[in-house]
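The values are calculated or read from the model by the stated rules, or taken from the named source; none is laboratory data. Computed from a predicted structure; not experimentally measured. Positions of Cβ are generated from backbone atoms using ideal geometry, with glycine treated the same way; all protein chains shown enter the neighbour counts.
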């Protein structure tokens, strides 16, 4: 009972080897953990972006996406310096119901554009990705050929955050991409929802991708999104789906006639295409080019850009005020007390809100 356990003999003898190096580059680790400020100066960022340096462009976009105040301050300086070099692109919003084949379509059209010598940036808006409602990083996997094209740059949006925050960061990323020489910008949304309104407010042309079963789709899609579309493309128009896609095209054309005239004077077009066989994809780009010529001729293209710039200013005011309000120490202390008072039926939510506003505005 009290005897010591016997030492187990083994034929396996472990030799003391050489200590293995860390899997993380120590210099990189030092930069990531020790640096609170970016590696490059504002001038170096600007020069790198203008020269089309992808690494510096990506680092600058990371600063835009950062929530750290010091990073935001530097990001805003970079954006301001890039503004004179921005604006020389066509910005295209692309949306569609889940399963419509957005990534396949973007890759098919994108490859055509890159092969023709254009420089394409693909940006994704997905504020819901933290709940796995959309695959942000999957875009690079699905668009394998496009992601390796020297003339293409694919950048997913931040994996979390409010729609307003993600939209603001996407707008700022557009400026950097244009300064880097990208003359075509695709802004892709995950599905049909609120994000479409945000995308419409930052692009020149809004493309809605749909499927061939038009009857069900017309019932399910919101009228507001249909009204925003400058063109509707019925995708997957190949094989047995061709007839259905053709019927859907007629139905969508009839539906669009019921809507009021557009501000631009442009009559939205409907076409069929197959991203899989590439049939009709070139025609979609011809529609986009036609729209660009039409709206530039009547000045709507430039008026819309100016309107968007003013809208951004007011959105930034809203965002900054909200941010300052919720970071105010007095407000942070008062909110829990008022919340409890509401739960105890001691105060109405409206009076509680007024008390918070009064507390914030008191000098």
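Some notes on this structure:
- Residue check, residue 64 surrounded by 12 or more Cβ atoms within 10 Å (Cβ to Cβ) and at pLDDT 95 or above: no
- Out of 99, 161, 117, sole residue that is modelled with pLDDT of 90 or more, at positive phi and assigned by TED's automatic domain parsing to the domain that holds residue 275: 117
- Answer residue from the range 216-232, given it is farther than 13 Å from residue 267 by Cα and in a helix (DSSP H, G or I) and is modelled with the highest pLDDT among those: 225
- Being more than 30 Å from residue 279 (Cα to Cα), modelled with pLDDT of 90 or more and crowded, with 20+ Cβ neighbours inside 10 Å holds for only one residue in 80, 108, 75, 86, and it is 75.
- All positions within the range 268-292 that are assigned to a loop (DSSP other than H, G, I, E, B) and in contact with a strand residue (DSSP E or B) (Cβ under 8 Å, 6 or more places away or on another chain): 268, 273, 280
- Flag for residue 249 being modelled with pLDDT of 85 or more, in the same structural domain as residue 189 (by TED's automatic domain parsing), over 27 Å from the mean Cα position of the chain (by Cα) and at negative phi: yes
- Flag for residue 257 being more than 23 Å from the chain's Cα centre (by Cα), farther than 25 Å from residue 230 by Cα and modelled with pLDDT under 90: no
- Condition met for residue 330 (in contact (Cβ under 8 Å) with a residue 12 or more places away in the chain, farther than 25 Å from residue 167 by Cβ and either touching a strand residue (DSSP E or B) at 6+ places or on another chain (Cβ under 6 Å) or exposed (fewer than 14 other Cβ atoms within 10 Å of the Cβ) (or both)): yes
- Taking the numbered list (1) surrounded by 19 or more Cβ atoms within 10 Å (Cβ to Cβ); (2) outside any helix (DSSP H, G or I); (3) modelled with pLDDT of 90 or more in turn, residue 265 passes all entries but (1).
- Residue 297, sole failed condition from (1) touching a residue at least 12 places away in the same chain (Cβ under 8 Å); (2) out of contact with any strand residue (DSSP E or B) (no Cβ under 8 Å at 6 or more places or on another chain); (3) closer than 23 Å to residue 183 by Cβ: (1)
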